[in-house]
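To start, the structure itself, in structure tokens.
The values are calculated or read from the model by the stated rules, or taken from the named source; none is laboratory data. In this text the structure is predicted, and so the values were computed from the model without any measurement. Side chains are part of the model used for accessible areas, which takes the heavy atoms of the whole protein and leaves out ligands, DNA and RNA. Shrake-Rupley method; radii C 1.70, N 1.55, O 1.52, S 1.80 Å.
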Amino acid sequence: MTAEPGFACSCCGRWHDGLPMGFSTEAPDYWRPELADDPESGLSSDQCVIQGQAFFVRGLVEIPVLDLDDVFTWGVWVSLSGESFARASELWETPGRENEPPYFGWLSTELPIYSPSTINLKTNLHTRPVGERPVVELEPTSHPLAVEQRDGITRARVQEIVERLLHLPPM
């Protein structure tokens, strides 16, 4: 999803077509490739289990973009208790699941442009209708990500985020 038009990057000077309106991670920060061979671990596009003891669901932190009447999204992972994960899984394909109360969880994705770390921020995971990713509501703290979710950002801030992510050093 991109907002038109593109932008001239202040880091490299190149023109980029479109402004990306979201970024996502493929797995929680705790996932390691060697876990794919573990029979008690699994990773799908929406859920993750690590060694039968840690449970994660993928969701979206939605940040209003005030001057675009749009949202910027972070595709993140949230750890849930075993009980909450079992309930969410039981209702995964059930119409009406959006009427469930939110599940408490811990943000399990490091978003490298924020300081302090985004790991273990308190969240509520709100399910939506079948086929839609859950929404991740951050605890209303003074953490910069929580402030942005609560207050919104501008198109200029979206561009700043995109530029920083495009030019992060390789890990």
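Here are some notes:
- Computed from backbone phi, the HN-Hα couplings of region 113-126 come to 8, 9, 9, x, 3, 8, 5, 6, 5, 6, 9, 10, 9, 9 Hz, rounded to whole numbers (Karplus: 6.51 cos²θ - 1.76 cosθ + 1.60, θ = phi - 60°; Gly and Pro given as x).
- Length-normalised contact order for the chain - Cα pairs under 8 Å, 6+ apart - percent: 20 percent
- Of all accessible heavy-atom area on the chain, the percent that carbon and sulfur account for (1.4 Å): 53 percent
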